[in-house]
Amino acid sequence: MAWYIDSNRVKKSAKPDLSHWTVTHSPGSVVPDSGIYVCLICGKEVTCNKSDSFPPQNHHQHYESKPPIRWKLLVKAVTD
Ligand SMILES: [Zn+2]
């Protein structure tokens with residue numbers, strides 16, 4: 001779970017239905033927005049920069065019975 005200390009500099013989105021909050025991403029695909037992403041299966045978090053690649057499938061492993069890694073945006077960085 002991501003932590004923060006300054007609530008004046010982190011804001012909850014008023015538009016949680018926007019695609020950049022709802023779309024999930026495969027390992028190795030292109031990062032659409034800079035920020036913190038969470039694996040929906042196990043909760044592991046990574047920081048990723050826009051236009052880089054998400055970590056590869058071997059970044060971490062799930063037990064055999066669990067689905068593969070799926071990254072979802074948790075905290076979007078404002079870099080523009
Ligand atoms: Zn995972």
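Numbers for the structure displayed
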{"item": "Descending semi-axes in whole angstrom, ellipsoid equivalent of the range 29-76, from the Cα gyration tensor", "result": "20, 11, 7"}
{"item": "Structure-based [θ]222 nm, the chain - -39500 (n - 2.57) summed over DSSP H runs of at least 4, per residue, nearest 500", "result": "-500 deg cm²/dmol"}
{"item": "Packing-based order for 40-53, 66-79, using average beta carbon neighbours within 10 Å, highest first", "result": "66-79, 40-53"}
{"item": "Straight-distance crosslink candidates among aspartates and glutamates, where the alpha carbon sits under 16 Å from residue 50 and sequence neighbours closer than 8 are dropped", "result": "33, 80"}
{"item": "The range 21-65: chymotrypsin sites (Phe, Trp or Tyr not before Pro) in DSSP coil with no more than 16 other Cβ atoms inside 10 Å", "result": "63"}
{"item": "Nearby lysines by direct alpha-carbon distance to residue 12 (threshold 17 angstrom, same-chain neighbours under 8 apart not counted)", "result": "72, 76"}
{"item": "Solution diffusion estimate, µm²/s, Stokes-Einstein, the chain, Kirkwood Rh from C-alpha pairs, 4 °C, viscosity 1.567 mPa s", "result": "97"}
{"item": "Percentage relative contact order, the range 29-76, counting C-alpha pairs under 8 Å, at least six apart", "result": "48"}
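Bear in mind these aren't lab numbers, they're just calculated from the coordinates by the rules spelled out. The structure presented is a predicted model; accordingly, all values stated were derived computationally and were not measured. All Cβ positions, glycine included, derive from the backbone under ideal geometry; neighbour counts span all protein chains shown.
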